[in-house]
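Taking it in order: structure first as structure tokens, then the write-up.
The values are calculated or read from the model by the stated rules, or taken from the named source; none is laboratory data. The model shown is predicted, which means the values in this text are computed figures rather than measured ones. Quick reminder, even Gly has a Cβ in these numbers, built from the backbone with ideal geometry, and neighbours come from all protein chains shown. Side chains are part of the model used for accessible areas, which takes the heavy atoms of the whole protein and leaves out ligands, DNA and RNA. Shrake-Rupley method; radii C 1.70, N 1.55, O 1.52, S 1.80 Å.
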Amino acid sequence: MNPHAKLISSMSLIMGTSITISSNHWILAWTGLEINTLAIIPLISKSHHPRAIEAAVKYFLTQSTASALILFSSMSNAWSTGQWDITQLNHPTSCLLLTMAIAIKLGLVPFHFWFPEVLQGSSLTTALLLSTLMKLPPITLLLLTSQSLNPTLLTFLAISSALVGGWMGLNQTQTRKILAFSSISHLGWMIAIIAYNPQLTILTFALYTMMTTAVFLSLAQIKVLKLSTMLISWTKTPMLNATMMLTLLSLAGLPPLTGFMPKWLIIQELTKQEMTPTATIISMLSLLGLFFYLRLAYHSTITLPPNSSNHMKLWRTNKALSTLTAILTATSTSLLPLSPLIITMF
Amino acid sequence: MTYFVIFLGICFMLGVLAVASNPSPYYGVVGLVLASVVSCGWLMSLGVSFVSLALFMIYLGGMLVVFVYSVSLAADPYPEAWGNWRVVGYGLGFVLVVCVGVVLGGFVDFWKVGVSTVDSGGASLVRLDFGGVAVFYSWGVGLFLVAGWGLLLVLFVVLELVRGLSRGAIRAV
């Protein structure tokens, strides 16, 4: 892609995200969201493949609809209460509209249909941006208004997202779509707790960003786009495949890895709020996700049977692994013993 | 005056209905023109005349004209107008949605029909939209720069998307 266009797009992404997360006024928040949407469109369509163009169009249409709904919700609140403060969203219709708009923005069920296809149409790095950076502004808006929103609706969105994210991911062979459904399911966990303890939502989002960045960067290093490619990728970077297994299991939420921490704390908080059925259902539903994470981990570490054990690592090596991938992999597998410290940080 | 404003509101709904019933773009743009002209009148009834003029010029005179030129490049051989059963079906569906909305929301409470002007009938010294423009260039210059960058970004994004003729994202017609 043209370096100047790439620079403008990435600078605008950072600018749009910073504007939305630091704003107190709805119009400024909306402006940041629109700048984000516009700036990532060339990044999604940069390969000029028809699937990439379709992904860019789908992304633009859904995000614009959601932005229009956010604007409508803030304006009806401003009409009835006379102020545009994000934290003072009081009109009930505005709260409902905003919840639906943020659900569309994030890709929560039942507005998740665009997300796997958009991720499949983009490159692995752009898919990483879509799953992590583009989720930050909408979650910030939801955190700022979380006290005014309907908890029953949020719980419904959360449980159905965990259900669909786990269930739909079972039949996927493309790694980007698997990670899309993993993102939907993790967002469900984040939304489940937002009405009761928003700090846990921030914690879950931060840890999810860390783990999924580690997975995306590892996949981008070995250029694995589907399961069959992952089967034979162990010869290129055996160490990376071994650590990717641990990172994937951490995403699945298995103790003693880091990914268990958010799930554990969320279940504890839900139980304290007398929401034991919700806690039970949502943890059972993440078992569905565990199956496809295990399948990915298995494919990552398998050494293919027709090859003998003498079939060693390929002698033509890739360039050295980036430090960032190493740091993120290390943190996403080993932070669980530091949970008391991490809880105090959020 | 109230009846005229209610008439403007009804015409706005009809114009939006004309667009939402999915005819061919040639015919849909008629609905857009009607909706934007009528909403300019409705904005004036609210008291914000500058915004109404800006809407007229930029939306109707700028964007809609460009839209009509773009649509004329991609014409249907058999365009679907409002006599087509599919379009009629969509139209009736949206009429039903509007009726449900009016019944549930109430004409005045939710749809704000028959309310007074934005500055409560002349309570402030300056018209609110003119004052807003003044603030936009003085105290609100940060938002001005951000909005300007957003518009410039649209230009760069569109240029990047169509760069490369037939290798670009949008096929050269």
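Give, as residue ranges, the helices (runs of 4 or more DSSP H) completely inside the stretch A:20-117 that count at least 3 residues that are within 29 Å of B:PHE156 (Cβ to Cβ), more than 10 Å from chain B (Cβ to nearest Cβ) and not hydrophobic (A, V, I, L, M, F, W, C).
In the stretch A:20-117, the matching helices (runs of 4 or more DSSP H) lie at A:50-81.
Among the residues that make up the stretch A:128-146, is at least one of them open to solvent by 10 Å² or more (accessible area, probe 1.4 Å) and more than 24 Å from A:LEU28 (Cβ to Cβ)?
Scanning the stretch A:128-146, I find at least one residue that is open to solvent by 10 Å² or more (accessible area, probe 1.4 Å) and more than 24 Å from A:LEU28 (Cβ to Cβ), so the answer is yes.
Identify the single condition in (1) open to solvent by less than 10 Å² (accessible area, probe 1.4 Å); (2) more than 10 Å from every other protein chain (Cβ to nearest Cβ) that A:SER9 does not satisfy, given that it satisfies every other one.
Tallying (1) open to solvent by less than 10 Å² (accessible area, probe 1.4 Å); (2) more than 10 Å from every other protein chain (Cβ to nearest Cβ), A:SER9 fails exactly one: (2).
From A:VAL109, A:VAL118, which residue is open to solvent by 10 Å² or more (accessible area, probe 1.4 Å) and not aromatic (Phe, Trp, Tyr)?
One residue alone meets the criteria, A:VAL109.
The rows are residues; the columns are (1) within 20 Å of the chain's Cα centre (by Cα); (2) within 19 Å of A:PHE113 (Cβ to Cβ); (3) open to solvent by less than 70 Å² (accessible area, probe 1.4 Å); (4) among the aromatic types (Phe, Trp, Tyr).
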site: A:THR17; (1), (2), (3), (4): yes, no, yes, no
site: A:ALA29; (1), (2), (3), (4): no, no, yes, no
site: A:ALA39; (1), (2), (3), (4): yes, no, yes, no
site: A:HIS49; (1), (2), (3), (4): no, no, no, no
site: A:GLU54; (1), (2), (3), (4): no, yes, no, no
